[in-house]
1. Arrange the peptides 133-144, 68-79 so that the one whose residues have, on average, the most other Cβ atoms within 10 Å appears first.
2. Here are several values of mean projected area of the Cα convex hull in nm²: (i) 21.4; (ii) 35.1; (iii) 15.5. Which one was derived from the coordinates shown?
3. To the nearest 20 Debye, how big is the dipole of the chain about its Cα centre, given +1 on the beta carbon of each Lys and Arg and -1 on that of each Asp and Glu?
4. What is the Å³ per residue value for the convex hull set by the Cα atoms of the stretch 70-151?
5. Order by neighbour count: Asp224, Asp197, fewest other Cβ atoms within 10 Å first, most last.
6. Beta carbons within 10 angstrom, averaged per residue: use that to sort the peptides 246-258, 42-54, 281-293, highest first.
7. May I ask which residue of Gly82, Ala254, Gly186 lies farthest towards the positive end of the charge dipole of the chain, with charges of +1 (Lys, Arg) and -1 (Asp, Glu) on Cβ and the Cα centre as origin?
8. Pairs of alpha-carbon atoms within less than 8 angstrom and 6+ residues apart define the contacts here; what relative contact order does the stretch 20-245 have, in percent?
Amino acid sequence: MATTDTAPVASSGTANSNEVIIETRNLTKVYRDFWGRQKVRALNALDLEVRQGEIFGLLGPNGSGKSTTIKLLLGLLFPTSGQALVFGQDPSKVETKERIGYLPEESYLYRFLNARETLDFYGRLFNMSAETRAQRVDELIEMVGLKWAERRQLKEYSKGMTRRIGLAQALINDPDLIFLDEPTTGLDPIGIREMKDLILRLKDEGKTILISSHQLADLQDVADRIAILHQGDLKEMGRVDALLKVRDETLIRAKGLSESAEEEIRKVIEKDHAEILQLENPTTTLEELFLSIVQESDARPGRRAYSQRDEEQSSES
């Protein structure tokens, strides 16, 4: 993060929930070789919006364009064509970066500093006062569960512990927008659950969170909406609950049915005065959805996966 002459911008937890925080318009990134010839089209005409207070997930296999998208949104790369906007501004602007927290897939931290020294160092980059830094460091160490190891040098930390202090570093400036790249890497099952709870807590505070992950079950638990990328193309996007519905099946859960009632479900439920507990479309899993989209994309490259979801989501909006 860049050094600034002002304290970090206050969190916008009270902002309008319809406010667009991230917007990409026909965003394209082409990597070229030494002679300027196209080498890889990493991202192709990406259009998406992320709104204030959302947890938005980016899914895709290696080489799908997830990391390129995040780097473009952080202002670390420049698009070949199209546009990326963060808080309505160019992401390379310092005032935009002041409001962003970023946890990369691999955290690069100073191994000979302890947790308190690490967070204090990053607090200084935001020109935070000594009193504010001390308070913020205490809050974050407690939040990520490293109070017991706050005086140990980071070289003694396990990968999971390093992940936790990396998250604390990303939150030092109390950002409005948080990018998390594979946030559960190196965590045990308890740590994964705690990380999910922390992400949901940040959402409750009004933060907007973009997560890039291969852990499909993790995103299924916390994400409001997801985008699935494959070979640089957007293949699917929408609310998790809508995307996971199995449209050609109906699940009925009933209580108090007699044996005769099982023969003619709806008629006998009414006749038996039984209680309908559930009558809706069942859902698949995010893993099954992801694999089916990738397989369909391989079979029909360059085309977005199309299903009844598109029509239903359009009518809902």
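What follows is calculated from the coordinates using simple rules that are stated; it is not laboratory data. From a predicted model like this one, the values you see are computed outputs, not experimental measurements. We place every Cβ from the backbone using ideal geometry, glycine too, and count neighbours over all the protein chains shown.
1. 68-79, 133-144
2. Computing mean projected area of the Cα convex hull in nm² and matching it to (i) 21.4; (ii) 35.1; (iii) 15.5 gives (i).
3. 1440
4. Per-residue hull volume (Cα only) is 119 Å³.
5. Asp197, Asp224
6. Most protected by this proxy first, the peptides run 42-54, 281-293, 246-258.
7. Of the listed residues, the answer is Gly82.
8. Result for the stretch 20-245 is 28 percent.
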